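Peer 1: This is the structure I want to talk about, given as structure tokens.
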Amino acid sequence: MEGERRASQARSSGLPAGGADGESPGGSAPFPGNSGSSALLQAEVLDLDEDEDDLEVFSKDASLMDMNSFSPMMPTSPLSMINQIKFEDEPDLKDLFITVDEPESHVTTIETFITYRIITKTSRGEFDSSEFEVRRRYQDFLWLKGKLEEAHPTLIIPPLPEKFIVKGMVERFNDDFIETRRKALHKFLNRIADHPTLTFNEDFKIFLTAQAWELSSHKKQGPGLLSRMGQTVRAVASSMRGVKNRPEEFMEMNNFIELFSQKINLIDKISQRIYKEEREYFDEMKEYGPIHILWSASEEDLVDTLKDVAGCIDRCCKATEKRMSGLSEALLPVVHEYVLYSEMLMGVMKRRDQIQAELDSKVEALTYKKTDTDLLPEEIGKLEDKVECANNALKADWERWKQNMQNDIKLAFTDMAEENIHYYEQCLATWESFLTSQTNLHLEETSEDKP
């Protein structure tokens, strides 16, 4: 399965690959794959009732290695290049395995937090060893995400689970919440490891290998406060100016993102509501078994029948609990991850627009001679290259992301449909068996009564 997923990524990056895991027969997928697919997305795939009043909210082309060549964080060592060539020649070979496990609570006089053990196994030459074990807290994951966005502004960085949970869901250090977050952090790191560009990021390597004091020292080597404030001011100024002539393909991409965000958020709300109603149904149904047992004590003629009913209810309760587990572990996390992805995509589009807006402002300054024009042609040339690299990186990563999204959502809903079919068949068989036994018993009693 891992090899097939790597092959899917290789194909979306323009590399040779075979079939992709989860690819739909005949090329069909739950979401269209072309650039003008927003209408099909609305009409064919997520055609849901727009009335949300009754919903309750429970949770809030070179390869890509070349496209972000303007990034200072791109690998340039011979070892990194060897690994990139190996990735192209052998797309099915996975050489980086990451596991997130063993959450551990830490209590200090200032704060309480959770750390997670991260085990990395690799055969890459640029790593000093083949296996590493470190512990990281949520703030460290946030740092890594920020560094990836800084180094690769128009690549689609996998989302992290929210820092804060929605009121009324679960407590912050509830075991279920910690386990849910652990799984999300595990997926976050493995999505980065499987990405053809992000996997070679130097900060990612440091995150996986450095001890706590080394990571803390590395964090302090970043740009100073004034430098970060200057970058923020320039980004805000660019966003305020806006983009005058966004290319048509990015207009279509932005429309797709807005529609996708609307629909996936609606699916997330509906899925959460279904799970809540399923939980209420389960809590109510599991009370009926003991009730029928107590009832049988006062009905001498119906003792066996009532106990059989209690047994059927108990088996149906177990089947319902298993289905709820599948819903909470398979479907809900996938849907919610893509809710977070939709927010990430909006951020990517904003960063792309900021790069283009910076170019537009320089071109305008040169046109109207608003400033010293001696250096402007050189600056404009560099910005044009930067915009081109950013656009190409986003276009290539966009296709890769859409392919993964189609496969993930299709697999999640297919698995859930199969689980539902199995659940209803199991409950039906349980009650049919009970009715058959009761019919046979009635026939035996009737035959005994005949002279």
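Peer 1: Here is a check on your reading of the model: is Arg315 assigned by the TED database to the domain that holds Ser437, over 21 Å from Glu432 (Cα atoms) and of a type in the set (D, E, K, R)?
Peer 2: no
Peer 1: Of the residues Ile313, Ile291, only one is exposed (fewer than 14 other Cβ atoms within 10 Å of the Cβ) and either of a type in the set (A, V, I, L, M, F, W, C) or in contact with a strand residue (DSSP E or B) (Cβ under 8 Å, 6 or more places away or on another chain) (or both); which?
Peer 2: Selected residue: Ile291, the only one of Ile313, Ile291 that is exposed (fewer than 14 other Cβ atoms within 10 Å of the Cβ) and either of a type in the set (A, V, I, L, M, F, W, C) or in contact with a strand residue (DSSP E or B) (Cβ under 8 Å, 6 or more places away or on another chain) (or both).
Peer 1: Restricting the first residue to segment 336-348 and requiring it to be in the same structural domain as Asn391 (by the TED database) and among the β-branched types (Val, Ile, Thr), which pairs with a second residue that is open to solvent by less than 20 Å² (accessible area, probe 1.4 Å) and part of a helix (DSSP H, G or I) meet a Cβ separation below 6 Å and a spacing of at least six or different chains?
Peer 2: Note: pairs meeting the criteria are Val339/Ile264; Val339/Asp268.
Peer 1: For Glu90, all conditions in the list (1) open to solvent by 80 Å² or more (accessible area, probe 1.4 Å); (2) among the acidic types (Asp, Glu); (3) modelled with pLDDT of 50 or more hold save one; what is the number of the exception?
Peer 2: With (1) open to solvent by 80 Å² or more (accessible area, probe 1.4 Å); (2) among the acidic types (Asp, Glu); (3) modelled with pLDDT of 50 or more applied to Glu90, the lone miss is (3).
Peer 1: Hey, another quick one. Among the residues of segment 411-451, how many are aliphatic (A, V, I, L, M) and either outside the structural domain of Ile274 (by the TED database) or in contact with a helix residue (DSSP H, G or I) (Cβ under 6 Å, 6 or more places away or on another chain) (or both)?
Peer 2: So the count comes out to 2.
Peer 1: Can you give me the number of residues within segment 194-250 that are modelled with pLDDT of 90 or more, buried (at least 18 other Cβ atoms within 10 Å of the Cβ) and either assigned by the TED database to the domain that holds Val387 or in a helix (DSSP H, G or I) (or both)?
Peer 2: So the answer is 13.
Peer 1: Answer yes or no: is there a residue in segment 114-125 that is touching a helix residue (DSSP H, G or I) at 6+ places or on another chain (Cβ under 7 Å), under 30 Å from Arg273 (Cα atoms), open to solvent by 30 Å² or more (accessible area, probe 1.4 Å) and hydrophobic (A, V, I, L, M, F, W, C).
Peer 2: Checking segment 114-125: not a single residue is touching a helix residue (DSSP H, G or I) at 6+ places or on another chain (Cβ under 7 Å), under 30 Å from Arg273 (Cα atoms), open to solvent by 30 Å² or more (accessible area, probe 1.4 Å) and hydrophobic (A, V, I, L, M, F, W, C).
Peer 1: Which is of a type in the set (D, E, K, R) and modelled with pLDDT of 90 or more, of Glu378, Glu399?
Peer 2: Residue meeting the stated conditions: Glu399.
Peer 1: Consider segment 140-160. How many of its residues are open to solvent by 10 Å² or more (accessible area, probe 1.4 Å) and within 15 Å of Val100 (Cα to Cα)?
Peer 2: Going through segment 140-160 one residue at a time, the tally reaches 2.
For every residue, the table says whether it meets (1) outside any helix (DSSP H, G or I); (2) open to solvent by less than 80 Å² (accessible area, probe 1.4 Å); (3) at pLDDT 95 or above.
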residue	(1), (2), (3)
Lys350	no, no, no
Glu358	no, yes, no
Lys362	no, yes, no
Lys370	yes, no, no
Lys386	no, yes, no
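The values are calculated or read from the model by the stated rules, or taken from the named source; none is laboratory data. Note that the structure is a prediction, hence the values are computed from the model and not measured. Here the Cβ is made from the backbone with ideal geometry for all residues, glycine too, and neighbour counts use every protein chain on show. Calculation scope for accessible area: heavy atoms of the full protein, side chains included, ligands and nucleic acids excluded. Shrake-Rupley method; radii C 1.70, N 1.55, O 1.52, S 1.80 Å.
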